[in-house]
Amino acid sequence: MYLTANKMKQRGDVLSGGSYISSNDQRLHFGLGEATTVEEIEVHWPSGKLEKFPAPAGVDRYVTLTEGGGQ
């Protein structure tokens with residue numbers, strides 16, 4: 001996933017596997033510094049599909065993205 005804020009593009013990857021009988025947190029966290037808005041969210045799904053999602057209103061929140069729900 002790519003997130004753009006303050007004209008800076010950041011990348012975060014979701015990795016499901018951990019070790020035996022465990023997994024990693026599926027949520028991504030982006031440090032936005034002084035940014036008060038997100039400009040763009042772009043997701044490259046494992047299926048190969050590329051989607052852009054509307055920026056959420058405000059920051060300091062979790063947003064759930066579902067494949068097929070973007071543009």
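The values are calculated or read from the model by the stated rules, or taken from the named source; none is laboratory data. The structure displayed is predicted, hence computed values, not measured ones. Glycine gets a Cβ as well: all are built from the backbone with ideal geometry, and neighbour counts include every protein chain shown. Heads up: the accessible areas ignore ligands, DNA and RNA and are worked out on the full protein's heavy atoms, side chains in. Shrake-Rupley method; radii C 1.70, N 1.55, O 1.52, S 1.80 Å.
Tabulated data
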{"item": "Residue match in region 18-27 (condition: open to solvent by less than 80 Å² (accessible area, probe 1.4 Å), at negative phi, modelled with pLDDT of 90 or more and of a type outside the set (Asp, Glu))", "result": "no"}
{"item": "Filtered residue count, region 22-62, keeping only those that are touching a Gly at 6+ places or on another chain (Cβ under 6 Å) and under 14 Å from residue 12 (Cα atoms)", "result": "2"}
{"item": "Per-region count, region 1-18, residues basic (Lys, Arg) and assigned to a loop (DSSP other than H, G, I, E, B)", "result": "1"}
{"item": "Residue match in region 46-53 (condition: open to solvent by less than 60 Å² (accessible area, probe 1.4 Å), free of Cβ contacts under 8 Å to residues at least 60 places away in the same chain and part of a loop (DSSP other than H, G, I, E, B))", "result": "no"}
{"item": "Filter result for residue 38 (under 10 Å from residue 3 (Cβ atoms), β-branched (Val, Ile, Thr), open to solvent by less than 50 Å² (accessible area, probe 1.4 Å) and assigned to a loop (DSSP other than H, G, I, E, B))", "result": "yes"}
{"item": "Filtered residues of region 1-17 (kept if open to solvent by less than 70 Å² (accessible area, probe 1.4 Å) and at pLDDT 90 or above)", "result": "1, 2, 3, 4, 5, 10, 12"}
